[in-house]
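Here is the structure we will look at.
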Amino acid sequence: MRMVDLIKKKRDGQELSKEEIEYIIKGYTAGDIPDYQMSALTMAIYFRGMSESETTNLTLSMARSGEIADLSAINGIKVDKHSTGGVADTTTLVLVPLAAACGAPVAKMSGRGLGHTGGTLDKLESIPGMRVSLSMDEFVNNVNNVGLAVIGQTEDLAPADKKLYALRDVTATVDIIPLIASSIMSKKLAGGSDAIVLDVKVGDGAFMKDYDSALKLAEIMVKIGESAGKRTVAVITDMNQPLGLAIGNSLEVIEACETLKGRGCKDLLDVCMFLGSYMLMLAGIARTREEAVSKLESALKSGSGFKKFKEMVKAQGGNPEALDDYSLLPEAKIKYEIKAEKDLYISALHAEELGLCAMRLGAGRATKDDVIDLSAGIMLNKKVGDFAHKDEVITTVYANDEQRLNEVLPDILNSIETSEEMVERPRLIYALVTRDGIESF
Ligand code: URA
Ligand code: CA
């Protein structure tokens, strides 16, 4: 086989066989196929697409490009949760402790933020002392002892994806369904969990900008998961405005703590409850959504979810006191308040632009090697549909650098739209995709 022939085949719209895909992924991972040929292929895939079986074969080849984590030493059905990437998506920090408090063991491997999207690992690292790289033994022991652990992907987990994602990031080939599906699912399959709950974001701040594309992505990921023998469900949720109130690393840790203490923002909590109910069902802990939600609500009310979060932080070297005394978390020097000029309703909060603004303030990375300012970010004191009186604070910007703040501020103001007329709150959960079909809400 020659790579140039395979590029040509895809360029001309033909289907690649399982053996051809395996040859490409093996060769690329080993360094035998150079980046320039791989980028030509990804661009051909961008324009020609991939069939369902090509996407499945690509996923399986990528999952097998490194080691498959062995979580068999963890008791119970391990359920993983993954988001396709959004702005201010604090769900993992809330959901994982709640599910663990209900008895579902969670062994989660998370990623870092890139561009306008944040990453759970960065958020966790704003807790002093917190370690997100544990050995496999420590990871397994923590899940058995505490009930949950969240770590970074190990070096040898789907190395093909690591290389390919970095290449896609700089060749404008990230936002294409077969490559997103195979990227996410290869890591989930290699991560070793028994079942997978996917949060497929749709809207302005997501890779999938419209519902039909999000549905296609959800369907193919569910098919791939199920065909690999793992129960997989996907929930399509809104990402037209950031989720919850906080955007930024230590700000989102505070938001997660507040939510686990019963003082959270409704939209964030609703998404957590919905995703969490499927985690409990797939883990065999609840039979129906109602039963699962009532368990999660008890874990919230009793504080056992928050207690689990603290236990996890402590077990991974973090200072659990910082989850009560927020002054122990990195704190920005400048807190700039944006106030309502008159009585108004918030009519739009453009997620992607707000994510980029938070990134420019230091909360995220423009390129993979940027260093993050864990204290920077944006607090949305009001969400779409909320009313604000004249002079009420609608947004607070957290920064450490006056000049950066002044550069970013006009774009933050432009991402907030207001109206004198009442505005309806947007829908939050659009659909559930399982092996049995689609349920719309
Ligand atoms: N998240 C991933 O891990 N991969 C993608 O391609 C997109 C989002
Ligand atoms: Ca948030």
Report summary line: Here the residues within region 328-341 that are open to solvent by 100 Å² or more (accessible area, probe 1.4 Å) and outside any strand (DSSP E or B) are 331, 333, 341
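State yes or no: is residue 356 aliphatic (A, V, I, L, M), within 30 Å of residue 421 (Cα to Cα) and touching a helix residue (DSSP H, G or I) at 6+ places or on another chain (Cβ under 8 Å)?
Values: aliphatic (A, V, I, L, M): yes; within 30 Å of residue 421 (Cα to Cα): yes; touching a helix residue (DSSP H, G or I) at 6+ places or on another chain (Cβ under 8 Å): yes.
Yes.
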Report task. Output yes when any residue across region 53-70 is open to solvent by 50 Å² or more (accessible area, probe 1.4 Å), in contact with a Gly (Cβ under 8 Å, 6 or more places away or on another chain) and either closer than 26 Å to residue 282 by Cα or β-branched (Val, Ile, Thr) (or both), and no when none is. Result -> yes
Report task. Answer yes if at least one residue in region 120-132 is closer than 29 Å to residue 377 by Cβ, touching a Ser or Thr at 6+ places or on another chain (Cβ under 7 Å), within 10 Å of ligand 1 (Cβ to nearest atom) and aliphatic (A, V, I, L, M), and no otherwise. Result -> no
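Which one of 187, 162 is within 13 Å of ligand 1 (Cβ to nearest atom) and within 30 Å of residue 304 (Cβ to Cβ)? Reasoning before the result, please.
Values: 162 fails: within 30 Å of residue 304 (Cβ to Cβ).
Of 187, 162, the one residue that is within 13 Å of ligand 1 (Cβ to nearest atom) and within 30 Å of residue 304 (Cβ to Cβ) is 187.
Kindly establish whether residue 148 is surrounded by fewer than 20 Cβ atoms within 10 Å (Cβ to Cβ) and within 13 Å of residue 316 (Cβ to Cβ). Give the derivation first.
Details: surrounded by fewer than 20 Cβ atoms within 10 Å (Cβ to Cβ): no; within 13 Å of residue 316 (Cβ to Cβ): yes.
When the stated conditions are applied, residue 148 does not pass them.
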Requested in this report: Could you tell me whether region 376-391 includes any residue that is at positive phi, within 26 Å of the chain's Cα centre (by Cα) and buried (at least 16 other Cβ atoms within 10 Å of the Cβ)?
Outcome: yes
Report task. Working only within region 265-287, note down all residues that are within 17 Å of residue 196 (Cα to Cα) and either within 16 Å of ligand 1 (Cβ to nearest atom) or more than 17 Å from the chain's Cα centre (by Cα) (or both). Result -> 277, 280, 281, 282, 283, 284, 285, 286, 287
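When you scan region 242-257, how many residues do you find that are outside any loop (DSSP other than H, G, I, E, B), small (Gly, Ala, Ser) and closer than 13 Å to residue 378 by Cα? Reasoning before the result, please.
Residues of region 242-257 that are outside any loop (DSSP other than H, G, I, E, B), as a first pass: 246-257.
Checking which are small (Gly, Ala, Ser) leaves us with 246, 248, 250, 256.
With the extra rule that they be closer than 13 Å to residue 378 by Cα, the set shrinks to 246, 248, 250.
Summing the residues that are outside any loop (DSSP other than H, G, I, E, B), small (Gly, Ala, Ser) and closer than 13 Å to residue 378 by Cα in region 242-257 gives 3.
For region 17-40: of the residues being within 20 Å of residue 174 (Cα to Cα) and not in a helix (DSSP H, G or I), which is most open to solvent (accessible area, probe 1.4 Å)? Before you say what the answer is, go through the steps one by one.
Our first condition is that a residue be within 20 Å of residue 174 (Cα to Cα); within region 17-40, this holds for 21, 24-25, 28-29, 33-40.
Still in the running and not in a helix (DSSP H, G or I): 33-34.
Working: 33: 10, 34: 36 Å².
Looking at residues that are within 20 Å of residue 174 (Cα to Cα) and not in a helix (DSSP H, G or I), I get 34.
Give the residue that is nearest to residue 265 (Cα to Cα), with candidates limited to residues of region 428-441 that are open to solvent by 60 Å² or more (accessible area, probe 1.4 Å) and either modelled with pLDDT of 95 or more or of a type in the set (Val, Ile, Thr) (or both).
Let us first name the residues in region 428-441 that are open to solvent by 60 Å² or more (accessible area, probe 1.4 Å), namely 435-436, 438-441.
Within this subset, residues satisfying the condition of being either modelled with pLDDT of 95 or more or of a type in the set (Val, Ile, Thr) (or both) are 435-436, 438-440.
Working: 435: 31, 436: 32, 438: 28, 439: 25, 440: 24 Å.
Within region 428-441, the match that is nearest to residue 265 (Cα to Cα) is 440.
Yes or no, residue by residue, for (1) within 16 Å of ligand 2 (Cβ to nearest atom); (2) free of Cβ contacts under 8 Å to residues at least 12 places away in the same chain; (3) within 30 Å of residue 140 (Cβ to Cβ); (4) touching a Cys at 6+ places or on another chain (Cβ under 6 Å):
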site	(1), (2), (3), (4)
178	no, no, no, no
183	no, no, yes, no
188	no, no, yes, no
191	no, no, yes, no
196	no, no, yes, no
199	yes, no, yes, no
205	yes, no, no, no
212	no, yes, no, no
219	no, no, no, no
Query raised in the report: Restricting attention to region 286-309, does a residue exist that is touching a strand residue (DSSP E or B) at 6+ places or on another chain (Cβ under 9 Å), modelled with pLDDT of 95 or more and farther than 28 Å from residue 387 by Cα?
Result: yes
Query raised in the report: Can you name every residue in region 129-171 that is hydrophobic (A, V, I, L, M, F, W, C), more than 23 Å from residue 42 (Cα to Cα) and within 19 Å of the chain's Cα centre (by Cα)?
Result: 132, 148, 149, 150, 151
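I'm checking my understanding of the structure. Among residues of region 226-241 that are out of contact with any His (no Cβ under 9 Å at 6 or more places or on another chain) and assigned to a loop (DSSP other than H, G, I, E, B), which one is farthest from ligand 2 (Cβ to nearest atom)? Talk me through it step by step, then tell me what you get.
At the first step, the residues of region 226-241 found to be out of contact with any His (no Cβ under 9 Å at 6 or more places or on another chain) are 226-239.
The next check asks that each one be assigned to a loop (DSSP other than H, G, I, E, B); those that pass are 228-230, 239.
Values: 228: 31, 229: 34, 230: 28, 239: 11 Å.
This residue is 229.
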Report task. Would you be able to say whether some residue in region 171-185 is in the same structural domain as residue 87 (by TED's automatic domain parsing), more than 25 Å from residue 429 (Cβ to Cβ) and open to solvent by 30 Å² or more (accessible area, probe 1.4 Å)? Result -> yes
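Give me the residue from region 248-258 that is in contact (Cβ under 8 Å) with a residue 24 or more places away in the chain and open to solvent by 10 Å² or more (accessible area, probe 1.4 Å) and, out of that set, nearest to residue 300 (Cα to Cα). Reasoning before the result, please.
So the first thing to find is which residues in region 248-258 are in contact (Cβ under 8 Å) with a residue 24 or more places away in the chain, and the list is 248-257.
Subset that is open to solvent by 10 Å² or more (accessible area, probe 1.4 Å): 251, 254-255.
Values: 251: 20, 254: 16, 255: 14 Å.
Once the filter is applied, the top-ranked residue is 255.
The values are calculated or read from the model by the stated rules, or taken from the named source; none is laboratory data. None of the values given here were measured: they were computed from a predicted structure. In this analysis, Cβ positions are derived from the backbone assuming ideal geometry, glycine residues included, and neighbour counts consider all displayed protein chains. All accessible areas refer to the heavy atoms of the entire protein, side chains included, with ligands and DNA or RNA removed. Shrake-Rupley method; radii C 1.70, N 1.55, O 1.52, S 1.80 Å.
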